[in-house]
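Accompanying notes for the structure given below.
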Amino acid sequence: MHGPVSAAWLLVALCAATGAYCLLRMRSGVEEQRLSAGGEALMGFGMAVMAVPTAVFTPPRWAWPLYAAVFGAAALRTLWAVRAAPRHLHHLVGASAMVYMALAMAVAPPGPHHAHGGIGVPLLTGVLLAYFAGYVLLAGARLVPAAGSASGGGSTAAAGIRAGAAGWGDRPELARACRLSMGIGMVTMLLTM
């Protein structure tokens with residue numbers, strides 16, 4: 001990915017931290033958390049590696065098809081999960097977007113700056129940008145607490161934590177915040193292609 005070096009390092013840090021938290025979520029006692037956390041950790045670390053500034057490290061040409069194969073396998077696994085639970089569709093779109101970006105980098109001419117053949121933003125990039133921008137807005141709105149939950153005796157999530165029912169790795173709002181972070185990262189990466 002190409003863009004300002006400081007923004008690239010911030011994206012690397014955000015994606016790596018998200019991937020690390022998702023690895024910790026894989027230790028959850030909740031099976032659904034464990035299943036989605038593995039794919040999200042792969043996405044987080046994959047995005048972090050892909051976002052490293054080219055001035056620091058330029059992957060060899062064979063790395064991009066390898067990225068595409070890894071995320072293609074993740075997309076196929078997720079496609080299988082979507083058959084049983086359509087809520088995994090977002091993970092399928094994310095893995096497919098990573099395959100697309102890896103393939104775009106594989107066919108791009110070498111050099112620090114290049115475009116998609118000089119024709120502007122390709123249609124698929126625009127569709128993915130629109131999807132992830134919408135996802136970021138929706139995920140951000142879901143993180144805003146409801147007006148009634150902040151007053152009174154506290155929220156049910158806080159009550160569950162006080163009772164010891166949910167560990168910090170099982171908190172759904174943290175999982176949503178991770179997905180929001182990765183959505184923001186995906187928008188950033190698509191913009192810099």
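The values are calculated or read from the model by the stated rules, or taken from the named source; none is laboratory data. The structure displayed is predicted, hence computed values, not measured ones. A quick note on method: Cβ atoms are made from the backbone with ideal geometry, for glycine too, and the neighbour counts reach across all protein chains shown.
Structure above, values below:
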{"quantity": "Residues that are at pLDDT below 80, within 14 Å of Leu174 (Cβ to Cβ) and surrounded by fewer than 17 Cβ atoms within 10 Å (Cβ to Cβ), drawn from segment 16-37", "calculated": "Val30"}
{"quantity": "Conditions (1) at pLDDT 90 or above; (2) among the hydrophobic types (A, V, I, L, M, F, W, C); (3) under 17 Å from Ile184 (Cβ atoms); number of the one not met by Ala69", "calculated": "(3)"}
{"quantity": "Filtered residues of segment 2-45 (kept if β-branched (Val, Ile, Thr) and farther than 19 Å from Ala97 by Cβ)", "calculated": "Val5, Val30"}
{"quantity": "Which listed residue is closer than 28 Å to Val5 by Cα, at pLDDT 80 or above and not β-branched (Val, Ile, Thr), from Ala141, Ala177", "calculated": "Ala177"}
